[in-house]
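What follows is a set of notes on a single structure, which appears directly below.
The values are calculated or read from the model by the stated rules, or taken from the named source; none is laboratory data. Since the structure is predicted, the reported quantities are computational estimates derived from the model, not experimental observations. Cβ atoms come from the backbone with ideal geometry, glycine included; neighbour counts cover every protein chain shown.
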Amino acid sequence: MNAPCRVCHLEGLSVVIDLGLQPCGERLLEPYELGDPEPRQPMRLAFCPHCRILQRTDPTADGIVTAASNTSSPSELAETDSLKHFLSGLKAALDPQGAASVQLPQVAELASGRLFEILHPRHSLLLSVDGLQEQLHWHDLEAFQVEQCPAASSQLRVFIGHRGVFPVGDSVSHRIQSEQTMGLGTWAFWQDFGQRAAAFREQLLHEIREIRGAGQRLCGYGASPSGSLLLNFCSLGRDGFDAIDFVLDPSGAGRGRITPGSHLAILPVEELEKRFIKVVLILDPNLAADAERQTDTWRQQGGRILNPWESSALIRKKVQNV
């Protein structure tokens, strides 16, 4: 049975993308934990055509996600299980002339190839600025300024006050116009997005099968939450399509540990030249340039990098003017 909308309770939402069972991507495993049960959680996204909000259809599970409280903590809007309680609490906490800021994932860029960078297992609601503004108006609140978070390009910072207290700036109207032009508030846009994400997975798996069919071995690059999301979405691990030998960790923080869900050994980049690896798969799009730099000598010896984020089905539709 399809889940109801978390916000307006409309019944029968259709799933636009199913990312499968996902573990906590932030928690790397110790080798001795491999025999223990590992909590995993379905990660399915649905779109509500009534309130125009992309959302998780599955309840959070113990051991995976700690649901945000229904308070007005600025960083927890996407994590709350009750947008109504969140905004009610925000309104009650605001002085008559006061303002608050909340952070939103860059929903518009989910469909530009940044799906695995932006989506986080703790996210329950993925609101556009347009969708947020509509919900704010129901509570007599208003977004009056939008900017990109300086420390996180995948996040927006939205400034909110009581309705009519602050003039709504061009940053809000321009972004809402861009979102409407893209069609973020339509079922057709998100249906197409889900189809392209599925095509991206099939395209990547096809390329990996060809590489393995040619007798070449692969490893991954990037033991990050984004990398974990991709590995488990494509079932690239010991319990799925056993095609990846190990994962390189440029930061060094995960050395000697195991990737969540996929259960691949995490090794330092220096190990690459000691092993018979012909192809390095970029698991995290943010690490593509770093991988080029770190593997220069290995590539001169005949190795190559497979970057699925370049000219893939997932990024066929570019985000413009947002």
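Within the range 252-268, if we keep just the residues that are among the hydrophobic types (A, V, I, L, M, F, W, C) and under 16 Å from GLY25 (Cα atoms), the residue that is surrounded by the fewest Cβ atoms within 10 Å (Cβ to Cβ) turns out to be ALA253. Within the range 103-122, if we keep just the residues that are assigned to a loop (DSSP other than H, G, I, E, B) and over 22 Å from ILE160 (Cα atoms), the residue that is modelled with the lowest pLDDT turns out to be GLY113. Within the range 59-92, which residues are under 23 Å from GLU11 (Cα atoms), buried (at least 18 other Cβ atoms within 10 Å of the Cβ) and at pLDDT below 90? Those that are under 23 Å from GLU11 (Cα atoms), buried (at least 18 other Cβ atoms within 10 Å of the Cβ) and at pLDDT below 90: LEU77, ALA78, GLU79, THR80.
Checking each residue of the range 195-211 against the condition of being out of contact with any Lys or Arg (no Cβ under 9 Å at 6 or more places or on another chain), assigned to a loop (DSSP other than H, G, I, E, B) and without any contact (Cβ under 8 Å) to a residue 12 or more places away in the chain gives no match. Just wondering, is there one or more residues in the range 93-116 that are surrounded by fewer than 21 Cβ atoms within 10 Å (Cβ to Cβ), within 28 Å of ARG44 (Cα to Cα) and among the acidic types (Asp, Glu)? Looking through the range 93-116, at least one residue is surrounded by fewer than 21 Cβ atoms within 10 Å (Cβ to Cβ), within 28 Å of ARG44 (Cα to Cα) and among the acidic types (Asp, Glu).
Within the option set ASP249, ASP239, being loosely packed, with under 15 Cβ neighbours inside 10 Å and within 24 Å of the chain's Cα centre (by Cα) holds for one residue only, ASP239. Scanning the range 1-13 for residues that are surrounded by 15 or more Cβ atoms within 10 Å (Cβ to Cβ) and at pLDDT below 90 returns a single hit, ALA3.
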